[in-house]
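Below is one structure, written out as structure tokens; the observations come after it.
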Amino acid sequence: LSDEYLDAVQRFIERYSTEIGPYPYSIFSVVSSPIPTGFGMPTLTYLGEAVLHYPFIRDISLGHEVLHSWWGNGVRVDTSRGNWAEGLTTFMADYAYREDQGEQAAMRMRHGWLRDYAALAPGSERPLSAFHARHHTASAVIGYGKAAMMYYQLRSRLGKDAFMQGIRIFWAEHRGGTAGFDELRAAFEKAGRKDLTGFFEQWLDRTGAPELRIASARIPNAAGTELELELVQDARSNGAQPFSVSVPLRVRTGGSGLDVRIEMSALRKKATIATDARASSVQIDPAFEIWRKLLPGEMPPIFRDVIAAEVVEVVALEPKMQAGVAAFAKAFSEGKAVAVESGPEARALRPLIVAGSKSAIDRYLESLGRATRPEQIEKGSAEVWMAPDPGRQMVVIAIDPAVTNAEYLERLGRRLRHLGSYSWISITEQGTSRRGHWPTETPRVPITE
């Protein structure tokens, strides 16, 4: 593995030296660690030895840690108004690699940030200015996901060239020193020649997100070449204080689509859109380009829903699995795990983890009138999925008898805790995995004549 990692380090250093400025040190080392996580420090990174053989560690996680040579180490963080470095590193590493793969991969990651945000427990959100380091799911959702979306929208606002110029200005002015969000804002203002005070204040100091809906959409003329609509922010979700947001809309006209943006800084906004053909429907932000609350149909169940829950109930369908399922729940969930003997029909609708052999799982789900193992999941020695049921958040673990021991299930729980944005995963006997999401689509609002 050493040659592969050294080659990857060289590629990452060359990439960021070009994008930002010269690498600030003379060496870089990759050190395997018994701790199953990554740490980036001046001249080196620690990566968990148990995960080094996974391609995504070399291709994504390693690049994230190398980039900390610039952000967090090359320029240290003044945390008086929050930690700017983790979000910027996530945007320029993890997200940038998805952009390298194509727009679909990038869109899935943006949707993942919003879906993770939707999974936060009520009352757990803090403003970005209060984020210093990751301690739990809620802090990671804000300090990594929301912050990365902030940089994505800042790049959209300034343009890519001005954004990257701001990056280089910030590095040149603060290399070897300490800086905060104020210094970062000043660099982007210099590059983009725009006052960004309001932009940064909204992102850093406010919690919540706009909850958008289309109150009306109609075609006002016989020719069908215009669309009149009214866009609304739900006052209940933002304390009657509107967000300033540039809302992407996709207007469907026959077999094609027209993408437009509506600038919105009030609770209600009326707009008239010119179209080449008669419009049939309209969607709000179908590519997930803004920080917002997701709409019905955009929130497939994901593991994060149960990871972040305060209390999780646990059902072991076979006595020999009780210790293993308890170990899984402890490693997987941040909340309290409570073992129960009966199924979900006899309990309050708390999130549930249910585990058993594949045949036991099939019988259990059939007894509840639910679908058995979804077709999308490939066969493996362990198959784990979120039951696509709006009535209750449920993690289902169907497992081969050979791997029902507590040690294996505990490792599985730790592994899945880092894969919270997925809906299902299948793991082979060799430890390789396939994972995915349940389908999602932004609702289409029909247009009246």
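The values are calculated or read from the model by the stated rules, or taken from the named source; none is laboratory data. Here the structure is a predicted model, which means the values were calculated and not measured. A quick note on method: Cβ atoms are made from the backbone with ideal geometry, for glycine too, and the neighbour counts reach across all protein chains shown.
For region 278-293, check the following and say yes or no: at least one residue is under 22 Å from residue 385 (Cβ atoms) and among the small types (Gly, Ala, Ser). Outline the logic, then answer.
Going through region 278-293, the residues under 22 Å from residue 385 (Cβ atoms) turn out to be none.
Checked region 278-293: no residue is under 22 Å from residue 385 (Cβ atoms) and among the small types (Gly, Ala, Ser).
If I filter region 194-205 down to residues being touching a helix residue (DSSP H, G or I) at 6+ places or on another chain (Cβ under 8 Å) and not acidic (Asp, Glu), which single residue comes out as surrounded by the fewest Cβ atoms within 10 Å (Cβ to Cβ)? Working first, answer last.
To start, the set of residues in region 194-205 that are touching a helix residue (DSSP H, G or I) at 6+ places or on another chain (Cβ under 8 Å) comprises 194-197, 199-200, 203-205.
So of that shortlist, the ones also not acidic (Asp, Glu) come out as 194, 196-197, 199-200, 203-204.
Details: 194: 13, 196: 18, 197: 11, 199: 19, 200: 20, 203: 23, 204: 20.
Looking at residues that are touching a helix residue (DSSP H, G or I) at 6+ places or on another chain (Cβ under 8 Å) and not acidic (Asp, Glu), I get 197.
Picking from 45, 37, 89, which residue would you name as being crowded, with 22+ Cβ neighbours inside 10 Å, under 20 Å from the mean Cα position of the chain (by Cα) and either at positive phi or in the same structural domain as residue 182 (by TED's automatic domain parsing) (or both)?
Working: 45 fails: under 20 Å from the mean Cα position of the chain (by Cα); 37 fails: crowded, with 22+ Cβ neighbours inside 10 Å.
Answer to the selection: 89.
Out of curiosity, is residue 143 at positive phi and either of a type in the set (S, T, N, Q) or touching a residue at least 24 places away in the same chain (Cβ under 8 Å) (or both)? Before you say what the answer is, go through the steps one by one.
On the way: at positive phi: no; either of a type in the set (S, T, N, Q) or touching a residue at least 24 places away in the same chain (Cβ under 8 Å) (or both): yes.
So residue 143 does not fit the description; no.
Taking into account only those residues within region 334-373 that are within 16 Å of residue 399 (Cβ to Cβ) and assigned to a loop (DSSP other than H, G, I, E, B), which is modelled with the lowest pLDDT? Explain how you work it out, then say what you get.
Here is the first cut: in region 334-373, the ones within 16 Å of residue 399 (Cβ to Cβ) are 353-365, 372-373.
Applying the additional criterion that residues be assigned to a loop (DSSP other than H, G, I, E, B) yields 372-373.
Working: 372: 69, 373: 73.
Here the residue is 372.
Residue 150 is checked against (1) closer than 27 Å to residue 433 by Cβ; (2) crowded, with 18+ Cβ neighbours inside 10 Å; (3) not small (Gly, Ala, Ser) and fails just one. What number does that condition carry?
Going through the list (1) closer than 27 Å to residue 433 by Cβ; (2) crowded, with 18+ Cβ neighbours inside 10 Å; (3) not small (Gly, Ala, Ser), residue 150 breaks only (1).
Determine whether region 282-290 contains at least one residue that is touching a residue at least 40 places away in the same chain (Cβ under 8 Å) and surrounded by fewer than 17 Cβ atoms within 10 Å (Cβ to Cβ).
So far as region 282-290 goes, yes, one or more of its residues are touching a residue at least 40 places away in the same chain (Cβ under 8 Å) and surrounded by fewer than 17 Cβ atoms within 10 Å (Cβ to Cβ).
Would you pick out the residues in region 61-94 that are in contact with a strand residue (DSSP E or B) (Cβ under 6 Å, 6 or more places away or on another chain), assigned to a helix (DSSP H, G or I) and in contact (Cβ under 8 Å) with a residue 60 or more places away in the chain? I'd like the intermediate steps shown before the answer.
Taking region 61-94 and keeping what is in contact with a strand residue (DSSP E or B) (Cβ under 6 Å, 6 or more places away or on another chain), we get 61, 65, 68, 75-76, 78, 83, 85, 88-89.
Restricting the remaining residues to those that are assigned to a helix (DSSP H, G or I) gives 61, 65, 85, 88-89.
Across region 61-94, the qualifying residue is only 88.
Which of the following residues is out of contact with any helix residue (DSSP H, G or I) (no Cβ under 9 Å at 6 or more places or on another chain), under 22 Å from residue 298 (Cα atoms) and either among the β-branched types (Val, Ile, Thr) or surrounded by 14 or more Cβ atoms within 10 Å (Cβ to Cβ) (or both): 442, 432? If you could, list the steps in order and put the result at the bottom.
Values: 432 fails: under 22 Å from residue 298 (Cα atoms).
Unique residue meeting the criteria: 442.
Would you be able to say whether some residue in region 1-12 is touching a His at 6+ places or on another chain (Cβ under 7 Å) and either surrounded by fewer than 17 Cβ atoms within 10 Å (Cβ to Cβ) or at pLDDT 90 or above (or both)?
So the first thing to find is which residues in region 1-12 are touching a His at 6+ places or on another chain (Cβ under 7 Å), and the list is 1.
Checking which are either surrounded by fewer than 17 Cβ atoms within 10 Å (Cβ to Cβ) or at pLDDT 90 or above (or both) leaves us with 1.
The answer is yes; a qualifying residue exists.
Which count do you get for residues in region 388-425 that are under 22 Å from residue 60 (Cα atoms) and either in contact with a His (Cβ under 7 Å, 6 or more places away or on another chain) or assigned to a loop (DSSP other than H, G, I, E, B) (or both)? Before the answer, list the steps.
Looking only at region 388-425, we keep the residues that are under 22 Å from residue 60 (Cα atoms), and these are 411-425.
Narrowing further to those that are either in contact with a His (Cβ under 7 Å, 6 or more places away or on another chain) or assigned to a loop (DSSP other than H, G, I, E, B) (or both): 418-423.
Matching residues across region 388-425 total 6.
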